[in-house]
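The values are calculated or read from the model by the stated rules, or taken from the named source; none is laboratory data. Owing to the predicted nature of the structure, the values given are computational and were not obtained by experimental measurement. Glycine gets a Cβ as well: all are built from the backbone with ideal geometry, and neighbour counts include every protein chain shown.
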């Protein structure tokens, strides 16, 4: 029996998972890993935190070396080595040593492509000054610039990584400007969930410019699309990544319409001897069933292992991708899974939306923090389509639980029945996830119809009456214009004060509103609850003002 | 239409959930809540923390009053009022005002029993000195005794509540003795998962007496079953609760073999007009399908709402109970769901067991804490039967995720595919729950067979060879007696040094062991992994020494 020869192009998450798994499955194979960069196994998700000094030692970022991988797994790992071309007929790869320039040809029985993705760079004058943060070389370059002690920084792109860059540059003491093309930070979230993040950034002194583009990078400043100039001694960008499909495309492998390598659910490309994994590959979206680009480390790791299993002849089937993600920012935790409301509405899906504002744990135990949760549900089937959370402690836990419920095919109503660990410092007897289920159940059962913050204006224009059921003290601290205040506990006595017409009821978070709707409905009044109450409306207003500030800026 | 009349016996979690839900479903009903105690809505899970001073204000414990419930929900709430007898034919309840002694008869259309459970009291001389902690009256009594400034305390029972009592009494500065009849603290957990808890208690100066009973309470000391005497100026007990079925039994309602009120999956008792919920009621266990007593606040709340739905004519079906629980203790978080290994082995179920020791988040981001996780799986179907976790940050999250996976019918292998929120400060690209799935998959696929810590002695007696694949530095700090040390990275070169026979391989946590087993198997050696590695073995040894200490004490 001659031993197999496996070639893996690209190290890090996906490639290294494939290589080590292949070794565990086949002790006798030749396994060669080719990595263009100088490091084959490093903590790419830790790079922003090394920049910020939260991770103090550069060595902490380096997880494995070619030598350690060689002695433990018998891998032949070659860094600064580029795969130049694939000859599919000959089943060989032309390989170039980037240090010596020497080229060799390597044969394979199976080839794994894990080339990753390359940062998108806007074509603009001075664009070369924008640094990115994908590998160790990048972070070394950025650190070298930071050692010159710039006073200010420009971050381009307010996605998950962009916000981590901002946090860490603020942590270093720089004055930071954040420029984002979209109307909001964190584009995967809905605007009212993202608005508090922009507010938190501004409170921390970050100059947040939404709906704005950088058009030119000068020596120490940047020109923006609204004509203003911002300081930019140090420039870091994270405006997205593009699958690195050069090698695959040149070899004639199928590329999908989203621009990633197309693979089957066994991760095989259009060539039966070539597999592909990681950020370069299109995933199947769990909500739409369509292909989509999802650049997440968890999927890269998982798919690396699965590709190895497939190569070893095991039966594998890749699960569709939800795209669960989280970011920590200045004490906030922001997490999401599945699809946001805005995207589902755009594709015309009939949905129900639930906003809640629960405490991370019981209010009577010290240290409870309020969070905002959002659940998006198929209106017909009660299927959970997405969830978002923002707050402090315990937000990641709730999104993980919901992502797991989605994977298990539980409906929104089923969340009411989850048995989650409860003690006063960890949760409430009705966990926030249970509460989402309760609210969903009330909607399924038709008990408490609700409308969303962005539907309120239209409702009031159509003649609905807005009833604020909070206490006068709460109302004095801020109220929705045009509302009538009758506290919940007084509704029974004062029902005659309510004008004719449909009533839109609201409280602070939605819970008293629910009780009021039930009461009013049974007293013969048509009533709906303003989902998420005053707090969600307020976040929605904040999102709107961010977007409007941009409109004004453009007009001016 | 005459309005309905609903009577609810017992307030707090279950009763109040039923009452408020009934109101939201029926604005016109008469809803009367009868509560024997002085408070109808209080934070019973917060009582130990008020005792310890963590919750500073007594008022924080009081959530709702009869007046607030009256004005908001139109409930007729009567505290210090006892239901004396049910006349099922007449559909009336004989009610006694405990203050005036006056008795009245209240009619009902539907009756909800939520009487809760009463603390078990061991029959022993001086037993009256043992305080319990079920309601506000209890905590007032305990606080009065603590104000006399006892120097030491005895806690009887090392279950979840017992440990909370210990933590809070230590927090108050008392010298605490903890006496537990079983061989371990936290009886719902497996011994090797509970052993570190006992160690932590001892490190904190708590005198932990396992396998021991209190036989007599004297003026300021207690006599134990091993003949020793311990200081006991203050005595608090939590040795379990007994469903309060007096009223139900006297009315001839069916009582189950576990001693709780028997209800159907619509929470209806054997009388079609009477429902029952909460700690007084038997639940159906999700693992065995048999009836079981589970006294958890989450279930009481959920069932209160479901009983109201059922009474209102809605279609309800109670889910079987997993029994998820968590406790915080001196910086440790300990959580569990489903069944432990020991119970499943006792009933003869064929199971697989996985122990891991992952970090709460990536090792390169500051503040990661190591936890121990355990997963118990049906050997044939891969169904998840239980999970336990102990550590710091993030243990509750992982148990919640697993409990959700169980509710969704996911298998142990499916855990590998969960998409959980990852950023370096929250998790790892392979979350600890994913890792459990990976290990489970390796077992399903027959790649890496394993044995448990408690099977090692028998294996070595049968002639197996124990191979420690850790580094010499690790071995020097402590090793399993009788092991041969060959570091993982040297196995290929030194394979000839291994004696004949089956090899039991182990590392620190199980991961290098897995790689070693794969390597050895492919080099023609029969090898199994010691599940959980040295750390699980060490915890098992600690559990064994706790149990043996008891044996010695009894013998002496």
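When the criteria are applied in full, residue A:134 fails the requirement of being in a helix (DSSP H, G or I), in contact (Cβ under 8 Å) with a residue 12 or more places away in the chain and under 22 Å from the mean Cα position of the chain (by Cα). Here residue B:131 clears all of (1) within 14 Å of chain A (Cβ to nearest Cβ); (2) under 28 Å from residue B:50 (Cβ atoms) except the condition numbered (1).
Among the candidates A:289, A:298, A:260, A:264, single out the residue that is within 12 Å of chain B (Cβ to nearest Cβ) and free of Cβ contacts under 8 Å to residues at least 40 places away in the same chain.
The unique qualifying residue is A:298.
Exactly one residue out of A:285, A:265 is more than 17 Å from the chain's Cα centre (by Cα) and surrounded by fewer than 23 Cβ atoms within 10 Å (Cβ to Cβ): that is A:265.
Within the group A:100, A:118, A:105, which residue is more than 14 Å from chain B (Cβ to nearest Cβ), outside any loop (DSSP other than H, G, I, E, B) and free of Cβ contacts under 8 Å to residues at least 24 places away in the same chain?
A:105
When the residues of segment B:25-54 are filtered to those that are part of a helix (DSSP H, G or I) and in contact (Cβ under 8 Å) with a residue 40 or more places away in the chain, the one that is surrounded by the fewest Cβ atoms within 10 Å (Cβ to Cβ) is B:25. Within segment A:430-461, the set of residues being touching a residue at least 24 places away in the same chain (Cβ under 8 Å), within 17 Å of residue B:401 (Cα to Cα), in contact with a helix residue (DSSP H, G or I) (Cβ under 6 Å, 6 or more places away or on another chain) and within 12 Å of chain B (Cβ to nearest Cβ) comprises A:432, A:433, A:437.
The condition (being free of Cβ contacts under 8 Å to residues at least 60 places away in the same chain, more than 14 Å from chain A (Cβ to nearest Cβ) and either more than 20 Å from residue B:309 (Cα to Cα) or part of a loop (DSSP other than H, G, I, E, B) (or both)) is satisfied by just one residue among B:90, B:83: B:90.
Run down A:380, A:369 and say which single residue is touching a strand residue (DSSP E or B) at 6+ places or on another chain (Cβ under 8 Å) and not assigned by TED's automatic domain parsing to the domain that holds residue A:195.
Only one candidate qualifies: A:369.
Only residues that are modelled with pLDDT of 90 or more, within 28 Å of the chain's Cα centre (by Cα) and not in a strand (DSSP E or B) were counted in segment B:1-19, giving 7.
Checking every residue in segment B:55-64 against the condition of being within 14 Å of another protein chain (Cβ to nearest Cβ), touching a residue at least 60 places away in the same chain (Cβ under 8 Å) and not in a helix (DSSP H, G or I) gives at least one match. Of the strands (runs of 3 or more DSSP E) entirely within segment B:312-428, those holding at least 3 residues that are surrounded by fewer than 24 Cβ atoms within 10 Å (Cβ to Cβ), within 11 Å of chain A (Cβ to nearest Cβ) and in contact (Cβ under 8 Å) with a residue 60 or more places away in the chain occupy B:325-329. Just one of the listed residues (A:297, A:286) is assigned by TED's automatic domain parsing to the domain that holds residue A:16 and in contact with a helix residue (DSSP H, G or I) (Cβ under 6 Å, 6 or more places away or on another chain), namely A:297.
Checking each residue in segment A:513-553 for being touching a strand residue (DSSP E or B) at 6+ places or on another chain (Cβ under 9 Å), free of Cβ contacts under 8 Å to residues at least 60 places away in the same chain and away from every other protein chain (no Cβ under 14 Å) picks out only A:526. Per the conditions (1) surrounded by fewer than 22 Cβ atoms within 10 Å (Cβ to Cβ); (2) in contact with a helix residue (DSSP H, G or I) (Cβ under 9 Å, 6 or more places away or on another chain), the sole criterion not satisfied by residue B:467 is (1).
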